[in-house]
Amino acid sequence: MTSTRLPDSLIPTLPGSAYTDPGIFAQEQEHIFEMMWFCVARSSDLATPGAFRTVDVGRESILVTRARDTSIRAYFNVCRHRGARLCTDEAGEVRRAFQCPYHAWTYDLDGKLVAAPNLTRMPDVGRTEYGLVGVAAREWLGYVWVCLAENPPSFEKDVIGAVVERLGDVESIEHYDIANLSVGRRIVYDVKANWKLIVENFMECYHCATIHPELTEVLPEFADGYAAQYYVGHGAQFGAEVRGFTVDGSAGLDRIPGVSEDQDRRYYAITVKPQVFVNLVPDHVIFHRMYPMAHDRTVVECDWLYLPHVVASGKDVRRSVELFDRVNRQDFEACERTQPGMSSRLYAKGGVLVPSEHHIGAFHAWVNERLGTRRPE
Ligand code: FES
Ligand SMILES: [Fe+2]
């Protein structure tokens, strides 16, 4: 076989199998999603003790809840008796305990085994030892993040560090006070594409002029194809005639008070690997979490966050939501169009990245490094 040398302008992508092989997806679950901090829920979805949500993280089901002391808790959603799934509902609320539907072992919100048939006749069974097994959990930006690793990596370095790497400092995101914004709208997209295609799409803007007419109208510099994530601290400026980040450029909602003059009339996009994208604009924040379900399926949950009084007063956020909802649909359609090509023999060795996409090469190198694989020369 002759190896063809690429022109200097082009660098290779991952091979097609990286997007189609269930075995590679299983490795990603083990080495990426089960090892890193993974964003599972909005804190306000777990507002009170006993509110819960179940989420698949890698190959595990995780039960996330709030204890009596209001701290966030995450447990393997597996009964310690004979392994039944403790909670089958995606979300809900218990008064004070989780009871297994099989033989009624019952765990309090701290995970302790508090009741079971005949438990008093088994005094040697430790209530904590046979309690639910916890995983690391914490809250940041009003979201719950969990980590299944036995020794979780530094949250400061991996999660906060990713934001700092993009914006230059942590204060820049603090200005948006994301933890105290309210969810004005949530849309869940079921995307028939590998999670990496969605990350790659989010990282580049080479496609913006082709598929995002509304977005390039609001952010004219996107028409040149240079992604907002390309330069540290850079936010794409609104067009001169644009009044707000809305589908028709009409005025947005009330500006978040902490947003600085430099940040006003600008759009910032941030990727927090492996599954979070955040968009910052002066009057709202768009927060995406991806839930990779299979090698060819990813559920994306997206929140539009506004100042609490904007949501409480029932202000019309439709034009505001519609802009990025359209962008999402345009992007996910492109990802779904790409997924079948990944299994073509033509793509066995992958495709190419143009200069404005070269930073995606760093993402590919990162995936390979996590999986311990090296690209064949
Ligand atoms: S498996 Fe849960 S109580 Fe038996
Ligand atoms: Fe896009």
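The values are calculated or read from the model by the stated rules, or taken from the named source; none is laboratory data. What you see is a predicted model; the values in this text were computed from it and never measured. In this analysis, Cβ positions are derived from the backbone assuming ideal geometry, glycine residues included, and neighbour counts consider all displayed protein chains.
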- Quick one: how many residues across the stretch 130-150 are away from ligand 1 (no atom under 16 Å from the Cβ) and assigned to a loop (DSSP other than H, G, I, E, B)? 5
- Query: Thr338 versus (1) closer than 26 Å to Ser9 by Cβ; (2) in contact with a strand residue (DSSP E or B) (Cβ under 6 Å, 6 or more places away or on another chain): which is the lone unmet condition?
  - Reply: (2)
- Task: Report, by residue number, each residue of the stretch 110-129 that is part of a loop (DSSP other than H, G, I, E, B) and touching a strand residue (DSSP E or B) at 6+ places or on another chain (Cβ under 6 Å).
- Result: Gly111, Arg127
- Within the bounds of the stretch 189-203, is there any residue that is more than 16 Å from ligand 1 (Cβ to nearest atom), within 26 Å of Arg68 (Cβ to Cβ) and not assigned by TED's automatic domain parsing to the domain that holds Arg59? no
- Only listed residue being within 23 Å of Phe363 (Cβ to Cβ) and either modelled with pLDDT of 95 or more or assigned by TED's automatic domain parsing to the domain that holds Met290 (or both), chosen from Gly23, Gly92: Gly23
- Under the condition of being surrounded by fewer than 19 Cβ atoms within 10 Å (Cβ to Cβ) and hydrophobic (A, V, I, L, M, F, W, C), which residue from the stretch 217-232 is nearest to Thr246 (Cα to Cα)? Ala223
- Query: Only one of Val232, Val259 is in the same structural domain as Tyr206 (by TED's automatic domain parsing), farther than 22 Å from Ala334 by Cβ and touching a Gly at 6+ places or on another chain (Cβ under 9 Å); which?
  - Reply: Val232
- Message: Are there helices (runs of 4 or more DSSP H) fully within the stretch 184-260 with at least 1 residues that are free of Cβ contacts under 8 Å to residues at least 24 places away in the same chain? List them.
- Response: 208-211, 213-218
- Failed condition for Glu156, given (1) in contact (Cβ under 8 Å) with a residue 40 or more places away in the chain; (2) in a helix (DSSP H, G or I); (3) surrounded by fewer than 17 Cβ atoms within 10 Å (Cβ to Cβ): (1)
- Task: Have a look at Arg68, Arg53, Arg59 and point out the one that is in contact with a strand residue (DSSP E or B) (Cβ under 9 Å, 6 or more places away or on another chain) and farther than 21 Å from Phe287 by Cα.
- Result: Arg68
- Task: May I ask you to say which residue of His309, His295, His284 is buried (at least 22 other Cβ atoms within 10 Å of the Cβ), away from ligand 2 (no atom under 16 Å from the Cβ) and more than 19 Å from Val247 (Cβ to Cβ)?
- Result: His295
- Task: Show the residue pairs that are 6+ apart or on different chains and have beta-carbon atoms under 8 Å apart, the first residue being within the stretch 34-48 and closer than 22 Å to Asp69 by Cβ, the second being of a type in the set (Lys, Arg) and surrounded by 17 or more Cβ atoms within 10 Å (Cβ to Cβ).
- Result: Val40/Arg53; Val40/Arg289; Ala41/Arg53; Asp45/Arg53; Leu46/Arg53; Leu46/Arg66; Ala47/Arg66; Thr48/Arg66
- Hits in the stretch 109-153 (condition: of a type in the set (Gly, Ala, Ser) and either in contact (Cβ under 8 Å) with a residue 24 or more places away in the chain or out of contact with any Phe, Trp or Tyr (no Cβ under 9 Å at 6 or more places or on another chain) (or both)): Gly111, Ala116, Gly126, Gly131, Gly134, Ala136, Ala137, Gly142, Ala149
- Message: Looking at the stretch 131-141, can you tell me whether even one residue there is surrounded by fewer than 13 Cβ atoms within 10 Å (Cβ to Cβ) and over 22 Å from Val64 (Cβ atoms)?
- Response: no
- Message: I need the strands (runs of 3 or more DSSP E) fully contained in the stretch 271-325, keeping only those with at least 2 residues that are farther than 23 Å from His234 by Cβ.
- Response: 284-294, 297-306
- Note on the structure: Of the residues in the stretch 71-89 that are more than 18 Å from Asp45 (Cβ to Cβ) and surrounded by 14 or more Cβ atoms within 10 Å (Cβ to Cβ), the one that is farthest from ligand 1 (Cβ to nearest atom) is Phe76
- Message: So for the stretch 199-216 (the condition being surrounded by fewer than 19 Cβ atoms within 10 Å (Cβ to Cβ), among the charged types (D, E, K, R) and more than 16 Å from ligand 2 (Cβ to nearest atom)), does at least one residue qualify?
- Response: no
